[in-house]
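Down below is the structure, laid out as structure tokens.
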Amino acid sequence: MKYLNALIIIIALMIALVSTSSAQTRGIERHRGARVRERVVVRQPVNYKEVIVSNKHYFFRNGIFYERRHIGFVAVVAPIGARIAVLPLGYKAVRIRRTKYFFFGGVYYKFLPQERVYCVVQRPI
């Protein structure tokens, strides 16, 4: 009987752990043909740059865009039109149909020389 009670407690704890971790990971979004899982970050990202796109505030750090939500900061799909001054380390320069793009983490950027920034663009076809 002791073993059965211990087994029930262990199973209950395992279920609690699984449901807690799945509650911290939000749903899957479809974006430009790729599946992206949102991640919850409890604290504000350190050394972030604030980016505003269509009056919506994002926080950018190391190639990841975050939104502030009631549960904390959530990693989200890069918003089209976001402008950043510096590309994340590890980006790749690619040429598609004679246009130069920069690629990192599933996101394409295009350099805008008049503004001296990199802009998030839709995936080139």
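FYI, it's all coordinate maths here, none of it is from the lab. Keep in mind the model is a prediction, meaning the values are calculated, not measured. Positions of Cβ are generated from backbone atoms using ideal geometry, with glycine treated the same way; all protein chains shown enter the neighbour counts.
With the crude spin-label approximation of a point 7 Å out along Cα→Cβ, what separation in nm comes out for residue 110 versus residue 89?
Distance between label points: 2.9 nm.
Please work out how much length the chain gains when fully extended from residue 56 to residue 100, using 0.36 nm per residue of separation minus the C-alpha to C-alpha distance, in nm with one decimal.
13.1 nm
Arranged from highest to lowest average of other beta-carbon atoms within 10 Å per residue, in what order do the peptides 46-57, 95-106, 76-87 appear?
Most protected by this proxy first, the peptides run 76-87, 95-106, 46-57.
Residue 68 to residue 123: FRET efficiency via 1/(1 + (r/R0)^6), r the Cβ-Cβ distance, R0 25 Å, to the nearest 0.05?
It comes to 0.40.
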